[in-house]
Amino acid sequence: ATMLTAPAFAQDYPERQITMVVPFAAGGPTDTVARLVAEKMSGDLGQQIVVENVGGAGGTLGAGQVAKADPDGYTVLLHHIGMATAATLYRNLAYDTPNAFEYVGLVTEVPMVIVARKDFEPTDFKGFIDYVKANGDSLTLANAGIGAASHLCGMLLMQALETPLVTVPYKGTGPAMTDLLGGQTDIMCDQTTNTTQQIKGGTIKAYAVTTPERLDLFPDLPTAEESGLAGFEVSIWHGIYTPKGTPAEVNERLSKSLQTALADEGVAKAMADLGTAPSSAEDAMPAALKAKLESEIARWKPVIEAAGVYAD
Ligand code: MLT
């Protein structure tokens, strides 16, 4: 095979459309973030970025597809904290997480909200805790599969309440939200990017946020921590990756484009309306995402091992 002469290759990059794989179903929080930044990155790069939703196995199918793609800069992956947790949850992943990708940069860090169907009985989070402890084994928790952010938050919730819930996996929390709105499931822990509209519309009930501080978006919503779930904190950072072997010049070009997108005031406004904010220019760089992924794999490994929750 001809070796890619990086300088020549990178000079003309990108020369054709780029595929951005989102490892969850369309209409969910990961897809929302991806489409927000892809649109602006397309403008900067002068090439269309086409979002491809590849759901399944908590995001690991989509990630695996990108790990195997040509390292030519025309396939990128937008994924979140699940990249770190799946490295422990899945003991026979198709790819060796820390060595399967190159890094472009961090995109945003999204808060989560513990929500329920709109006619769920408890009227506040303390009542929610008591009710779930009393009825847990007959209540359903919707998530996007083992390795999803909603799975991680659900796992922390079941651990904190010492109550197993019946989990119902979907290819994304977009589809999961449809069933929650229909009352088919009881509880979900999902990102503000996917719950803000429904909470404001009263079509689901919100009980608590999973951030250290309350959100400006929902000042009346308590944090899980202040409601007695000490240390219950999980926010969903997102990053963009390319397959191992993608030339550094290409990753740098993509990072510059990501930084431009995140500096766009329309992107910042859209993110603020959904309870989140763009990563800084420094964080939207390869080294920051590499460091984040490595530290998060180390952070969540003992938590997952203590829970004894694995995908196989
Ligand atoms: C998750 O729970 O990981 C995400 O909400 C999945 C999605 O973007 O649908």
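Observations
- Number of positions in segment 131-149 that are assigned to a helix (DSSP H, G or I) and either away from the ligand (no atom under 16 Å from the Cβ) or touching a Phe, Trp or Tyr at 6+ places or on another chain (Cβ under 9 Å) (or both): 8
- Close contacts from segment 25-46, counting a first residue that is surrounded by fewer than 19 Cβ atoms within 10 Å (Cβ to Cβ) and a second that is in a helix (DSSP H, G or I), with Cβ to Cβ under 6 Å and a gap of 6+ residues or different chains, come to Gly27/Gly174; Asp44/Ser257; Asp44/Thr260.
- Residues of segment 183-213 satisfying the condition of being open to solvent by less than 10 Å² (accessible area, probe 1.4 Å) and closer than 20 Å to Leu36 by Cβ: Asp190, Gln191, Thr192, Thr195, Thr196
- Pick from segment 130-171, criterion of a type in the set (A, V, I, L, M, F, W, C) and in contact with a Lys or Arg (Cβ under 8 Å, 6 or more places away or on another chain), ranking: modelled with the highest pLDDT: Ala144
- As a summary of the residue check, Phe128 satisfies the conditions (1) assigned to a loop (DSSP other than H, G, I, E, B); (2) aromatic (Phe, Trp, Tyr); (3) open to solvent by less than 10 Å² (accessible area, probe 1.4 Å) except for the one numbered (1).
- Subset of segment 154-193 (residues that are of a type in the set (A, V, I, L, M, F, W, C), outside any strand (DSSP E or B) and more than 8 Å from the ligand (Cβ to nearest atom)): Met155, Leu156, Leu157, Met158, Ala160, Leu161, Leu165, Met177, Leu180, Leu181
- Any pair with Cβ under 8 angstrom, 6 or more apart, that starts in segment 78-100 at a residue that is within 24 Å of Ile18 (Cβ to Cβ) and without any contact (Cβ under 8 Å) to a residue 60 or more places away in the chain and ends at one that is more than 16 Å from the ligand (Cβ to nearest atom) and polar (S, T, N, Q): none
- Restricting Leu141, Leu152, Leu229, Leu180 to residues that are within 23 Å of Phe120 (Cα to Cα), surrounded by fewer than 24 Cβ atoms within 10 Å (Cβ to Cβ) and of a type in the set (A, V, I, L, M) narrows the list to Leu229.
- Any helices (runs of 4 or more DSSP H) falling wholly within segment 196-312 and containing at least 3 residues that are acidic (Asp, Glu): 286-307
- Whichever residue in segment 45-79 is of a type in the set (A, V, I, L, M, F, W, C) and in a loop (DSSP other than H, G, I, E, B) and, among such residues, is farthest from Val107 (Cα to Cα): Ala69
- Residue satisfying condition, being part of a helix (DSSP H, G or I) and among the hydrophobic types (A, V, I, L, M, F, W, C), within set Ala86, Ala26: Ala86
- Those residues of segment 62-95 which are open to solvent by less than 10 Å² (accessible area, probe 1.4 Å), of a type in the set (Val, Ile, Thr) and within 16 Å of the ligand (Cβ to nearest atom), in sequence order: Val66, Ile81, Thr85
- When the test is whether a residue is in contact with a strand residue (DSSP E or B) (Cβ under 6 Å, 6 or more places away or on another chain) and not polar (S, T, N, Q), Leu156 does not pass it.
The values are calculated or read from the model by the stated rules, or taken from the named source; none is laboratory data. Computed from a prediction, not measured in an experiment: that's the story for all the values here. Reconstructed Cβ throughout: ideal geometry from the backbone, glycine too, with neighbour counts over all protein chains shown. Just so you know, the surface numbers come from the protein's heavy atoms only, side chains and all, with ligands and any DNA or RNA stripped out. Shrake-Rupley method; radii C 1.70, N 1.55, O 1.52, S 1.80 Å.
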